[in-house]
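**Student:** Before we start, here is the structure in question, set down as structure tokens.
The values are calculated or read from the model by the stated rules, or taken from the named source; none is laboratory data. Everything quoted here is computed from the prediction, not taken from an experiment. So basically every Cβ, Gly included, is an ideal-geometry build from the backbone, and we count neighbours across all protein chains shown.
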Amino acid sequence: MNIPPTVWQAILSATIGHPAWHERLRAWREGRSTATLHLAMLREPYLGRILAGRKRIESRFGRDRRAPFGQVKAGDLVLLKRASGPLAGLALVTHTISREITLSVINELRTVYAADLAIDDPQFWELHACDRYVTLIWIDDIYPLPAIALPRRDRRGWVVVG
């Protein structure tokens, strides 16, 4: 996926007031960074919880090993996009775990990571009972962005930009 130059300019302009984010993004765009840029599509209430700092771990479940499984690492950058909407923020990856799902893994997720996952939907775990893989992504240094349109044509929930 390519990010149009006008969108890049809008993102860079929006981060002028946050020198660390501005430099991270400039370094990535200029090829001076080893970080990978990711695009995560998020629905409410999870996007709002991330932007408010109440959700510190993003989870991605799947039936196969598609991104972000095994493709995201500490130091990577994540563009947070509202599902069917604009970009809404940025996040820095601080830690990740990608695992095959077993009953013991599901129980561990529910007990050890429940608070940081900020999942309060009792049906959430039932919906993911048939999934085979999970990636947990610890995020920090959340930076809200003004609404920036980013046109997309595919339906993937996570995209590795580069």
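**Student:** Can you go through Asp141, Asp116 and tell me which one is under 17 Å from Pro45 (Cα atoms) and surrounded by 11 or more Cβ atoms within 10 Å (Cβ to Cβ)?
**Tutor:** Within the list Asp141, Asp116, the selection yields Asp116.
**Student:** What number of residues within the range 107-162 are of a type in the set (Ser, Thr, Tyr) and within 14 Å of the chain's Cα centre (by Cα)?
**Tutor:** Count: 2.
**Student:** Just a yes or no: is a residue in the range 137-151 over 26 Å from Ser13 (Cα atoms) and at pLDDT below 95?
**Tutor:** no
**Student:** Which one of these is surrounded by 15 or more Cβ atoms within 10 Å (Cβ to Cβ), hydroxyl-bearing (Ser, Thr, Tyr) and under 25 Å from Pro4 (Cα atoms): Ser33, Ser59?
**Tutor:** Exactly one residue qualifies, and that residue is Ser33.
**Student:** Same structure, new question: Consider the range 43-72. How many of its residues are touching a strand residue (DSSP E or B) at 6+ places or on another chain (Cβ under 9 Å), basic (Lys, Arg) and in contact (Cβ under 8 Å) with a residue 60 or more places away in the chain?
**Tutor:** Residues that pass the stated criteria total 6.
**Student:** Do we find a residue being touching a residue at least 12 places away in the same chain (Cβ under 8 Å), part of a loop (DSSP other than H, G, I, E, B), touching a strand residue (DSSP E or B) at 6+ places or on another chain (Cβ under 9 Å) and among the small types (Gly, Ala, Ser) anywhere in the range 91-109? Outline the logic, then answer.
**Tutor:** Here is the first cut: in the range 91-109, the residues touching a residue at least 12 places away in the same chain (Cβ under 8 Å) are 91-101, 105-106, 109.
Keeping just the survivors that are part of a loop (DSSP other than H, G, I, E, B) gives 101.
Keeping just the survivors that are touching a strand residue (DSSP E or B) at 6+ places or on another chain (Cβ under 9 Å) gives 101.
Of the ones still in play, those that are also among the small types (Gly, Ala, Ser) are none.
Looking through the range 91-109, none of the residues is touching a residue at least 12 places away in the same chain (Cβ under 8 Å), part of a loop (DSSP other than H, G, I, E, B), touching a strand residue (DSSP E or B) at 6+ places or on another chain (Cβ under 9 Å) and among the small types (Gly, Ala, Ser).
**Student:** Among the numbered criteria (1) surrounded by 12 or more Cβ atoms within 10 Å (Cβ to Cβ); (2) among the hydroxyl-bearing types (Ser, Thr, Tyr); (3) not in a strand (DSSP E or B), which single criterion is violated by Thr135?
**Tutor:** The number of the failed condition is (3).
**Student:** Let me ask another. Just name the residue that is surrounded by the fewest Cβ atoms within 10 Å (Cβ to Cβ) out of those in the range 72-101 that are in contact with a helix residue (DSSP H, G or I) (Cβ under 9 Å, 6 or more places away or on another chain) and more than 28 Å from Pro144 (Cα to Cα).
**Tutor:** The residue in question is Arg99.
**Student:** Identify, by number, the condition in (1) of a type in the set (D, E, K, R); (2) farther than 24 Å from Trp28 by Cα; (3) at pLDDT below 95 that Asp64 doesn't meet.
**Tutor:** Of the numbered conditions (1) of a type in the set (D, E, K, R); (2) farther than 24 Å from Trp28 by Cα; (3) at pLDDT below 95, the odd one out for Asp64 is (3).
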